[in-house]
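Student: I have a structure here, written as structure tokens, and I will follow up with some questions on it.
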């Protein structure tokens with residue numbers, strides 16, 4: 001087995017990382033959407049740098065791939081962004097000697113959420129780290145304020161995972177082909193989301209619920225409120241598979257804590273990751289659902305099923321504005337109520 005086996009549908013990126021491992025530079029920037037397995041690729045690359053091999057059977061490889069190796073320092077945000085204090089801690093950690101080997105890897109996740117003052121602090125360290133330290137920086141995209149840092153790194157791009165690759169991986173993991181195909185279509189190239197959806201028996205019904213919105217609305221506030229209540233209840237229920245997976249992870253960690261103690265166990269980091277994943281899951285569900293609603297309007301336009309073309313086209317634009325606003329963590333209930341009440345009926 002290879003450490004690269006966890007990376008799905010990113011052959012070009014893996015080829016570049018494998019080649020880079022032969023003569024590594026001081027910093028790499030892995031850029032691609034959530035669920036593109038860039039984190040798995042970063043861990044695989046770190047394992048290759050530390051062990052000199054792609055084999056995942058060694059003790060060091062196993063620790064790296066689980067995020068537990070003492071010479072791979074993984075940094076995730078503790079709030080809505082990577083703060084100045086976290087950036088200062090990254091500088092401190094980067095200056096320390098490796099704990100076991102000759103190299104230390106600083107793996108920085110969600111770097112697109114780094115605050116500007118943190119970017120200014122980190123620039124010099126990322127540009128000229130200690131000889132034993134290599135930075136692996138992960139970002140969904142590169143905002144303007146991080147262009148200077150990105151220019152100091154070797155950039156590796158990741159794309160959305162193709163549906164066929166998602167289906168192949170899910171079926172290999174024991175998911176029925178029909179369920180894998182449905183999950184892949186709904187996941188929009190995010191294999192992490194596809195894994196959650198593959199264990200969601202209500203996925204098809206939830207998509208139908210959103211598709212039916214345009215046929216149920218009648219211009220009244222009472223109907224709009226009732227529809228929104230149903231949509232939010234369905235989204236809440238959709239988090240059950242993810243919550244089950246979180247419970248399994250907590251149980252495994254609790255067993256480890258019982259054996260070795262809580263100090264350094266990562267319990268706080270796990271709790272924070274679970275909260276972020278649940279928040280992301282809700283946003284993804286709303287984005288997917290609103291995409292279905294917009295698709296119903298677009299189909300009506302293409303197939304000529306409506307004479308109110310301008311009104312329907314404007315509805316699609318409003319839906320997309322609502323989708324964009326979800327990244328700013330608005331009040332979901334108010335957002336949906338306002339949107340659904342304004343939409344034309346088909």
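Student: Can you find a residue in region 14-31 that is at pLDDT below 95, surrounded by 15 or more Cβ atoms within 10 Å (Cβ to Cβ) and closer than 28 Å to residue 271 by Cα?
Tutor: The answer is no; no qualifying residue exists.
Student: From 239, 176, 165, 211, which residue is buried (at least 17 other Cβ atoms within 10 Å of the Cβ) and more than 27 Å from residue 270 (Cα to Cα)?
Tutor: The conditions single out 165.
Student: Restricting attention to region 84-130, and to residues there that are within 21 Å of residue 60 (Cα to Cα) and out of contact with any strand residue (DSSP E or B) (no Cβ under 9 Å at 6 or more places or on another chain), which single residue is surrounded by the most Cβ atoms within 10 Å (Cβ to Cβ)?
Tutor: 101
Student: For region 131-139, state whether one or more residues are closer than 27 Å to residue 268 by Cβ, over 24 Å from the mean Cα position of the chain (by Cα) and not in a loop (DSSP other than H, G, I, E, B).
Tutor: Within region 131-139, one or more residues are closer than 27 Å to residue 268 by Cβ, over 24 Å from the mean Cα position of the chain (by Cα) and not in a loop (DSSP other than H, G, I, E, B).
Student: Next question, about the same structure. Residues 156, 126: which one is touching a residue at least 60 places away in the same chain (Cβ under 8 Å), in a helix (DSSP H, G or I) and more than 25 Å from residue 272 (Cα to Cα)?
Tutor: Being touching a residue at least 60 places away in the same chain (Cβ under 8 Å), in a helix (DSSP H, G or I) and more than 25 Å from residue 272 (Cα to Cα) holds for just one of 156, 126, which is 126.
Student: Filter region 296-309 for residues that are in contact (Cβ under 8 Å) with a residue 40 or more places away in the chain and part of a helix (DSSP H, G or I); which is farthest from residue 187 (Cα to Cα)? First the steps, then the outcome.
Tutor: Applying the first criterion (in contact (Cβ under 8 Å) with a residue 40 or more places away in the chain) to region 296-309 yields 296-297, 300, 305-306.
Now narrow it down to the ones that are part of a helix (DSSP H, G or I): 296-297, 300.
Details: 296: 18, 297: 21, 300: 24 Å.
Among those that are in contact (Cβ under 8 Å) with a residue 40 or more places away in the chain and part of a helix (DSSP H, G or I), it is 300.
Student: Further question: Are there any pairs with C-beta distances below 6 angstrom linking a residue in region 257-269 that is farther than 15 Å from residue 76 by Cα to a residue that is in a loop (DSSP other than H, G, I, E, B), with the two at least 6 apart or on different chains, and if so which?
Tutor: Going by the 6 Å Cβ cut-off, the qualifying pairs are 257/265.
Student: Does region 13-54 hold any residues that are assigned to a helix (DSSP H, G or I), without any contact (Cβ under 8 Å) to a residue 24 or more places away in the chain and out of contact with any helix residue (DSSP H, G or I) (no Cβ under 8 Å at 6 or more places or on another chain), and which are they?
Tutor: Listed by number, the residues that qualify are 15, 19.
Student: Identify, from the list 165, 179, the residue that is in a helix (DSSP H, G or I), more than 23 Å from residue 66 (Cβ to Cβ) and free of Cβ contacts under 8 Å to residues at least 40 places away in the same chain.
Tutor: That would be 179, the only listed residue that is in a helix (DSSP H, G or I), more than 23 Å from residue 66 (Cβ to Cβ) and free of Cβ contacts under 8 Å to residues at least 40 places away in the same chain.
Student: Condition (residue is touching a helix residue (DSSP H, G or I) at 6+ places or on another chain (Cβ under 7 Å), surrounded by fewer than 15 Cβ atoms within 10 Å (Cβ to Cβ) and either without any contact (Cβ under 8 Å) to a residue 60 or more places away in the chain or not in a loop (DSSP other than H, G, I, E, B) (or both)) applied to region 285-293: is it met by at least one residue? Give the steps one after another, and end with the answer.
Tutor: Step one: list which residues in region 285-293 are touching a helix residue (DSSP H, G or I) at 6+ places or on another chain (Cβ under 7 Å), which gives 285-290, 292-293.
From what's left, surrounded by fewer than 15 Cβ atoms within 10 Å (Cβ to Cβ): none.
Looking for residues that are touching a helix residue (DSSP H, G or I) at 6+ places or on another chain (Cβ under 7 Å), surrounded by fewer than 15 Cβ atoms within 10 Å (Cβ to Cβ) and either without any contact (Cβ under 8 Å) to a residue 60 or more places away in the chain or not in a loop (DSSP other than H, G, I, E, B) (or both), one finds none in region 285-293, hence no.
Student: Is it fair to say residue 252 is loosely packed, with under 12 Cβ neighbours inside 10 Å, assigned by TED's automatic domain parsing to the domain that holds residue 212 and either touching a strand residue (DSSP E or B) at 6+ places or on another chain (Cβ under 6 Å) or within 26 Å of residue 72 (Cβ to Cβ) (or both)? If you could, list the steps in order and put the result at the bottom.
Tutor: Values: loosely packed, with under 12 Cβ neighbours inside 10 Å: yes; assigned by TED's automatic domain parsing to the domain that holds residue 212: yes; either touching a strand residue (DSSP E or B) at 6+ places or on another chain (Cβ under 6 Å) or within 26 Å of residue 72 (Cβ to Cβ) (or both): yes.
Yes.
Student: In this structure, is residue 82 assigned by TED's automatic domain parsing to the domain that holds residue 49 and at pLDDT 90 or above?
Tutor: Here the answer is no, as residue 82 does not meet what is asked.
Student: Another question, if that's okay. Residue check: is residue 105 touching a helix residue (DSSP H, G or I) at 6+ places or on another chain (Cβ under 8 Å), at pLDDT 90 or above, in the same structural domain as residue 34 (by TED's automatic domain parsing) and in a strand (DSSP E or B)?
Tutor: yes
Student: Checking the structure you have, find out if any residue of region 261-270 is surrounded by 11 or more Cβ atoms within 10 Å (Cβ to Cβ) and under 19 Å from residue 213 (Cβ atoms).
Tutor: Checked region 261-270: no residue is surrounded by 11 or more Cβ atoms within 10 Å (Cβ to Cβ) and under 19 Å from residue 213 (Cβ atoms).
Student: State which residue is surrounded by the fewest Cβ atoms within 10 Å (Cβ to Cβ) when the search covers only region 184-208 and only residues that are within 17 Å of the chain's Cα centre (by Cα) and without any contact (Cβ under 8 Å) to a residue 60 or more places away in the chain.
Tutor: By that ranking, first place goes to 185.
Each row is one residue, and each column tells you yes or no for (1) assigned by TED's automatic domain parsing to the domain that holds residue 294; (2) modelled with pLDDT of 95 or more; (3) closer than 27 Å to residue 341 by Cβ; (4) in contact with a strand residue (DSSP E or B) (Cβ under 7 Å, 6 or more places away or on another chain).
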{"residue": "146", "(1), (2), (3), (4)": "no, no, no, yes"}
{"residue": "165", "(1), (2), (3), (4)": "no, yes, no, no"}
{"residue": "171", "(1), (2), (3), (4)": "no, yes, no, no"}
{"residue": "179", "(1), (2), (3), (4)": "no, no, no, no"}
{"residue": "194", "(1), (2), (3), (4)": "no, no, no, no"}
{"residue": "219", "(1), (2), (3), (4)": "yes, no, yes, no"}
{"residue": "236", "(1), (2), (3), (4)": "yes, no, yes, no"}
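The values are calculated or read from the model by the stated rules, or taken from the named source; none is laboratory data. Treat the numbers as computed from the prediction; the structure is a model and nothing was measured. FYI the Cβ positions are ideal-geometry reconstructions off the backbone, even for glycines, and counts take in every protein chain you see.
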